[in-house]
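Peer 1: Let me give you the structure first, and then I'll get to my questions.
The values are calculated or read from the model by the stated rules, or taken from the named source; none is laboratory data. The structure displayed is predicted, hence computed values, not measured ones. No Cβ is skipped: glycine too gets one built from the backbone with ideal geometry, and neighbour counts run over all protein chains shown. Just so you know, the surface numbers come from the protein's heavy atoms only, side chains and all, with ligands and any DNA or RNA stripped out. Shrake-Rupley method; radii C 1.70, N 1.55, O 1.52, S 1.80 Å.
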Amino acid sequence: MLYPPTRVCDRPFCTNPRLLRDKDEHKVVTVFTLDRGVLQGFRVKLYCNACRTYYRHDYAVHQGVRTYYAGYPEYVEVALHTYIEVRLLRLFTALTLLSWTSATNAAHVYHEALSLLSGPDRHKACYKLRPEHIWDGFTALALLRDADERSYAMELPHTGEQRSRFTVAMEARNAHMRCAGQPEFNHWCERCHRRYNEPDGSVAYVDALVCDGIGMGRPCCSVPHCTMPLASTQDRFCPGHSDQALLCVVDCCSAPAQEGHKTCSDPAHRALEDRFDLQNKAQFHLRDRLQRNHPGQASDSLRPDAPSDDIIEVNVSDLPPSSSVSNLLLPVQSQVPLASVGDNRVPLASVDENHVPPHDHSDAATSASTLPCPEKPDVGHKVRAAFGRTHTHNEQLFVRPCGMIPARETCHTSESIRIVLEFFRKYFPDPRYMPRFLVYDNGCRLYQHLEKAGDPLKDEVAFPVDVFHWKCKHKKSDDACSIHCNPYSFPELLAEDGDGWFFNTSIAEQTNVWFGGFHAIVREMTATRFDFFLDEMIKQRNALTRASLEAAGVPLGNRNIRLSTRT
């Protein structure tokens, strides 16, 4: 029997001293438990005649709003007449955090190993734990945890569809994360902060932050730099750009698409579509697409699938003589591993730069691809036609050398210097809170951008490149690489004996190994759930990192101001 935790009305606006009354007959419910399998039970609903509030096991309802009780209930309602034990939800959360188990695979695991069903009961629909049950339970538990930590009452709409019940609450938590960062944002420990003796004998404290991106994303609007969420993950454009869906899919072409086609009447553009149809049907292309986009683990182990979005890039020589080249060429965006973004790009050949018409370089002036390190080759220009959906470019992580992740942001179109700098200033608007070192694999271009703009930030924060990238991917004759961003130029980064490094500046690359495991889980998520899920995974990992540091005897705490300034 699932009873409410109170027998009298406890609403602050109600003064009714009488006992609550049964509202309806007891309803039969299905309860998924951790160690007792699938059970049938009864849900009891009590009612207050004075304020017209009725009480269920995990929340009270008044005027169409659910208000959850403080703390954690024993069971959480995830659908009408369906409950999941909180202990089981914690197990699912741990499986996702530590082994990248999707909700679909978690449902399979439960049905095969923990449901304790036998005979005909194994095939009854009411006894099947569905992925949406796990997602709603995961979300409810995360929100309850957030409400408990921040001391507020969790409220959800009682009416409407179950799939949108948590949307407003998730958006509020996402906004808080974007504004304040992770709870460990002000983390301090002896592995990411250092007490350093200056040459003159004075004592200083320095700290480091490592920034790196990983190519994983979600469906987004195909208009570059648009951050508006899609109405559906199957859409190519957000509601504000929905008229673009009627146009030719070739970049920089504004002609309307012909009926039954995704391109306009231009023979060159139609040739792109024909080429796409031919390659999309070819067996070798399907096999290659699966290999390039295989995310490491399937979101559904029993029915693994492959992404189906495609961007075609072709050489001018592949087009008919009558093609309008001026309408086909545009600068290629920052290149990332094809399999990591989630869309299927089919690179065919580069276009000769001599044929490229003039175009706006205002944003490209600070792009990581437009300001390549002198030792990196240019990628050239290609013709692109997006026949499928677009995914966000990458996730940018800020990681402390101890492994703590204070913040995360999404790069929608490219990982440019301007965007990385914008993210950094968003989370560190006050120089007193800025880290002494920001380790970034393209720190030399970031420093040059600040120097060219006369930005005083270059005198407040040092931008060394991590040791691996500096040795293997940066030109030593370039001043920015060899002097201003050379990690050997900063004695504070060296170990006490001068052999090795005090800070683990490769921590972001190591963290990306874990973070990239969620690619198969998040690639079809909405923007709201995508941010909520990844923020929650980072929050849970930070808790494990803190526990690991405490177990190792590392002194740690929280800091309120910057520990030092650059000399």
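Peer 1: Any chance you could list the semi-axes, whole Å, largest first, of the equivalent ellipsoid that the Cα gyration tensor gives for the stretch 199-249, using √(5λ)?
Peer 2: One finds semi-axes of 47, 11, 10 Å for the stretch 199-249.
Peer 1: Measuring from label point to label point, each 7 Å out along Cα→Cβ, what is the GLU550 to ARG52 span in nm?
Peer 2: Here the answer is 4.7 nm between the modelled labels.
Peer 1: I'm checking a number: the convex hull volume of the Cα atoms of the stretch 137-176, normalised per residue, in Å³. What is it?
Peer 2: Dividing the Cα hull volume of the stretch 137-176 by its residues yields 64 Å³.
Peer 1: May I pose another question? Pop out the Kirkwood hydrodynamic radius of the stretch 146-216 from its pairwise C-alpha distances, inverse of mean 1/r, in Å to one decimal.
Peer 2: Working: mean 1/r = 0.0603 Å⁻¹.
Radius from the Kirkwood sum: 16.6 Å.
Peer 1: Past 21 Å, Cα to Cα: identify those pairs from LYS458/LYS539; LYS426/LYS539; LYS23/LYS128, in the order given.
Peer 2: With Cα atoms farther than 21 Å apart: LYS458/LYS539; LYS23/LYS128.
Peer 1: Based on alpha-carbon centroids, what's the gap between the stretch 35-69 and the stretch 536-550 in Å, whole number please?
Peer 2: The two parts, judged by their Cα centres, are 33 Å apart.
Peer 1: What do you get for Rg/Rh of the stretch 104-175 when both radii come from the Cα atoms and Rh is the Kirkwood radius?
Peer 2: Ratio of gyration radius to Kirkwood radius for the stretch 104-175: 1.09.
Peer 1: Accessible area, 1.4 Å probe, largest first: how do ASP148, ASP455, ASP499 sort?
Peer 2: ASP499, ASP148, ASP455
Peer 1: Test of understanding: what is the full-extension gain from ALA79 to SER265, defined as 0.36 nm times their sequence separation minus their Cα-Cα distance?
Peer 2: Result for the pair: 62.0 nm of gain on full extension.
Peer 1: Sticking with this structure for a sec: Pairwise over distinct Cα atoms, reciprocal of the mean inverse distance: report the Kirkwood radius of the stretch 42-114 in Å, one decimal place.
Peer 2: 14.3 Å
Peer 1: Same structure, new question: Roughly what % of Cα-Cα distances in the stretch 1-141 sit above 23 Å, to the whole percent?
Peer 2: The share of Cα pairs beyond 23 Å in the stretch 1-141 comes to 39 percent.
Peer 1: Provide the gained length on full extension for the span HIS123 to ALA543, in nm with one decimal, where the gain is 0.36 nm per separating residue minus the Cα-Cα distance.
Peer 2: This chain segment gains 147.3 nm when fully extended.
Peer 1: Roughly how many whole Å is it from the C-alpha centroid of the stretch 230-282 to that of the stretch 178-192?
Peer 2: So the separation of the two Cα centres works out to 44 Å.
Peer 1: Quote the accessible area belonging to ILE483 in square angstrom, nearest 10, computed with a 1.4 Å probe and with ligands, DNA and RNA left uncounted.
Peer 2: Rounded to the nearest 10, the figure is 90 Å².
Peer 1: Using just the C-alpha positions of the stretch 56-202 as equal point scatterers, what log10 of I(q)/I(0) does the Debye formula give at each q in 0.10, 0.22 1/Å?
Peer 2: Log10 I(q)/I(0), no solvent term: -0.47, -1.47.
Peer 1: What do you reckon, how do TYR47, TYR205, TYR3 stack up by accessible area (1.4 Å probe), largest on top?
Peer 2: TYR3, TYR205, TYR47
Peer 1: What relative contact order, as a whole-number percentage, does the stretch 146-251 give when Cα pairs under 8 Å and 6 or more residues apart are counted?
Peer 2: Contact order relative to length: 10 percent.
Peer 1: Could you give the distance between the Cα centres of the stretch 398-435 and the stretch 125-165, to the whole Å?
Peer 2: Going from one Cα centre to the other spans 30 Å.
Peer 1: Given all pairs of different Cα atoms, what value in angstroms does the Kirkwood hydrodynamic radius of the stretch 505-557 take?
Peer 2: Answer for the stretch 505-557: a Kirkwood hydrodynamic radius of 12.7 Å.
Peer 1: Let me ask you something else. Output needed for the stretch 11-51: three equivalent-ellipsoid semi-axes, defined as square roots of 5 times the C-alpha gyration tensor eigenvalues, in descending order, whole Å.
Peer 2: 31, 12, 6
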